[in-house]
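**Q** Here it is: the structure, laid out below.
The values are calculated or read from the model by the stated rules, or taken from the named source; none is laboratory data. Note that this is a predicted model, so its numbers are computed, not measured. Don't worry about glycine lacking a Cβ; one is built from the backbone with ideal geometry, like all the others, and counts go over all protein chains shown. With ligands, DNA and RNA removed, areas are computed over all heavy atoms of the protein, side chains included. Shrake-Rupley method; radii C 1.70, N 1.55, O 1.52, S 1.80 Å.
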Amino acid sequence: MSNIKNRIESLKKAKNAVILAHYYVPDEVQEIADYIGDSYYLSKIAKDACQDTIIFCGVSFMGESAKILNPGKKVLMPDATADCPMAHMAQVEKIEEIRRMYDDVAVVCYINSTGELKKHSDVCVTSANAMKIVKALPNKNIYFIPDENLGRYIASQVKDKHFIFNDGFCPVHAEMDKNSVKLAKNAHPGAMLLVHPECRMEVLEEADYIGSTSGIINYASDSEASEFIIGTEPGVMYELKQRNPDKKFYPLVPGHVCQDMKKITLEKVLECMENESGAIEVTEELRNSANTSLDRMLELAR
Ligand code: 13P
Ligand code: SF4
């Protein structure tokens, strides 16, 4: 083990810390994490963490959600500038306008959002639980923010509700289109196509499986097939290859990564543990109001 990894390991014990990492952070960071997973899994782990400090290797909405769900813990993020652009792609004024237009509306907020958006929403969802939660809501009208693609995918599966969409998107997944699918399928004719629901509908329509990062990893691991085109950020390749050394995985769009997730390096993890820097702070008012929609997600997804 490298010196830096040794130092992280001993600081973990000395500071009673736990390291959580999303599948999109660099491989070497996933390697030192205690828990790696999709957004739903990581939010459950963060809520139940009993250690004094949570080191969150991911983008800011993840650390912020962890702090809201488990406010008694110190939550540190290795790079405070690692942010998800989609998290900002909805407006509170628009939410208020929609609420005035429909008296029976549920504002359903993808967890990839700021605390301020969560505060004005009725329930949060992740790609792993959105379908179950939307189906369980008593409301006929659903205003889905900020991701239009995930919203449209859920709407295509839940026909008895009326959806209002917002035009947010993930720049990484939006890069994948019908032409990328054509090129990838031509290059790997026997491979199955597994994609994330943040992809455009024209990509989802061509897929053999649609699911969260964990869903994609589990599907490929359980499948009898041996070759897969992966329509999500290529950080998932680390876990896919660990679990399936004999299977072949090809990115749908080669070389296209989430720049913010890649900001998390081992050096920054060590630095934030040594200096206890990058602490997430949320006001009590934001914590209480945003916690309602996050807690409702955990309740309805159970
Ligand atoms: P999941 O890991 O929850 O599928 O989310 C993907 C993502 O884009 C996280 O930012
Ligand atoms: Fe945000 Fe997309 Fe990066 Fe996920 S992959 S953190 S949705 S920009």
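**Q** List every residue pair whose Cβ atoms sit under 9 Å apart, with the two residues 6 or more apart in sequence or on different chains, where the first one lies in the range 42-68 and is within 22 Å of Ile8 (Cα to Cα) and within 11 Å of ligand 1 (Cβ to nearest atom) and the second, anywhere, is in a helix (DSSP H, G or I) and not aliphatic (A, V, I, L, M).
**A** Matching pairs, first to second residue: Leu42/Ser65; Gly58/Ser39; Val59/Lys263; Met62/Ser39; Met62/Ser43.
**Q** Report, ordered by the first and then the second residue, all pairs with beta carbons closer than 9 Å, sequence separation of six or more or different chains, a first member in the range 8-25 that is within 29 Å of Gly215 (Cβ to Cβ), and a second member that is acidic (Asp, Glu) and buried (at least 18 other Cβ atoms within 10 Å of the Cβ).
**A** Note: pairs meeting the criteria are His22/Asp38; Tyr23/Asp38; Tyr23/Glu233; Tyr23/Glu239; Tyr24/Glu233; Tyr24/Asp260.
**Q** For the range 233-248, how many residues meet the condition of being under 22 Å from Ser39 (Cβ atoms), open to solvent by 10 Å² or more (accessible area, probe 1.4 Å) and of a type in the set (D, E, K, R)?
**A** Total meeting the criteria: 3.
**Q** Only one residue in Asp122, Asp160 is acidic (Asp, Glu) and either more than 20 Å from the chain's Cα centre (by Cα) or within 14 Å of ligand 1 (Cβ to nearest atom) (or both). Which one?
**A** Asp160
Yes/no matrix, rows are residues, columns are (1) of a type in the set (S, T, N, Q); (2) assigned to a loop (DSSP other than H, G, I, E, B); (3) more than 17 Å from Ala82 (Cα to Cα); (4) away from ligand 1 (no atom under 14 Å from the Cβ):
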site	(1), (2), (3), (4)
Glu9	no, no, yes, yes
Lys13	no, no, yes, yes
Ala21	no, no, no, no
Val25	no, yes, no, no
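Residue-wise test of (1) under 22 Å from His196 (Cα atoms); (2) open to solvent by less than 10 Å² (accessible area, probe 1.4 Å); (3) away from ligand 2 (no atom under 16 Å from the Cβ).
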position: Ile111; (1), (2), (3): yes, yes, no
position: Leu117; (1), (2), (3): no, yes, no
position: Thr126; (1), (2), (3): yes, yes, no
position: Ala130; (1), (2), (3): yes, yes, no
position: Ile142; (1), (2), (3): yes, yes, yes
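**Q** Could you tell me which residue of the range 196-210 is surrounded by the fewest Cβ atoms within 10 Å (Cβ to Cβ), considering only residues that are free of Cβ contacts under 8 Å to residues at least 60 places away in the same chain, assigned to a loop (DSSP other than H, G, I, E, B) and within 16 Å of ligand 2 (Cβ to nearest atom)?
**A** Checked the range 196-210; the qualifying residue surrounded by the fewest Cβ atoms within 10 Å (Cβ to Cβ) is Arg200.
**Q** Would you pick out the residues in the range 164-195 that are closer than 26 Å to Tyr143 by Cβ, away from ligand 2 (no atom under 11 Å from the Cβ) and in contact with a strand residue (DSSP E or B) (Cβ under 8 Å, 6 or more places away or on another chain)?
**A** Within the range 164-195, Ile164, Phe165, Asn166, Met176, Val195 qualify.
**Q** Let me ask another. Give the residues of the range 213-232 that are small (Gly, Ala, Ser), open to solvent by less than 10 Å² (accessible area, probe 1.4 Å) and not in a strand (DSSP E or B), sorted by residue number.
**A** Step one: filter the range 213-232 for residues small (Gly, Ala, Ser), giving 214-215, 220-221, 223, 225-226, 231.
From what is left, the residues that are open to solvent by less than 10 Å² (accessible area, probe 1.4 Å) are 220, 231.
The answer is Ala220, and nothing else.
**Q** Moving on to the next point. Filter the range 85-129 down to the residues that are of a type in the set (A, V, I, L, M, F, W, C) and without any contact (Cβ under 8 Å) to a residue 60 or more places away in the chain and list them by number. Write out each step before concluding.
**A** At the first step, the residues of the range 85-129 found to be of a type in the set (A, V, I, L, M, F, W, C) are 86-87, 89-90, 92, 95, 98, 101, 105-109, 111, 117, 123-125, 128.
If the condition is that a residue be of a type in the set (A, V, I, L, M, F, W, C) and without any contact (Cβ under 8 Å) to a residue 60 or more places away in the chain, then Ala87, Val92, Ile95, Met101, Val105, Ala106, Val107, Val108, Leu117 are the ones that fit.
**Q** So the check is Cβ under 8 Å with 6+ separation or different chains; which pairs have a first residue in the range 70-84 that's small (Gly, Ala, Ser) and a second one that's away from ligand 1 (no atom under 16 Å from the Cβ) and modelled with pLDDT of 95 or more?
**A** Close Cβ pairs (under 8 Å, with a partner that is away from ligand 1 (no atom under 16 Å from the Cβ) and modelled with pLDDT of 95 or more) amount to Ala80/Gly278.
**Q** Can you find, within the range 248-276, the residue that is nearest to ligand 2 (Cβ to nearest atom) among those that are assigned to a loop (DSSP other than H, G, I, E, B) and in contact with an Asp or Glu (Cβ under 7 Å, 6 or more places away or on another chain)?
**A** Cys258
**Q** Which residues, taken from the range 184-195, are surrounded by 14 or more Cβ atoms within 10 Å (Cβ to Cβ) and either part of a loop (DSSP other than H, G, I, E, B) or without any contact (Cβ under 8 Å) to a residue 12 or more places away in the chain (or both)?
**A** Within the range 184-195, His188, Ala191 qualify.
One line per residue, one yes/no per condition, for (1) within 15 Å of ligand 2 (Cβ to nearest atom); (2) loosely packed, with under 15 Cβ neighbours inside 10 Å:
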residue	(1), (2)
Ser2	no, yes
Glu9	no, yes
Lys12	no, no
Lys15	no, no
Tyr23	yes, no
Ala33	no, no
Ser43	yes, no
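**Q** Here's a follow-up. Testing Ile98 on (1) more than 16 Å from ligand 2 (Cβ to nearest atom); (2) open to solvent by 40 Å² or more (accessible area, probe 1.4 Å), one condition comes back false. Which one is that?
**A** All conditions are met except number (2).
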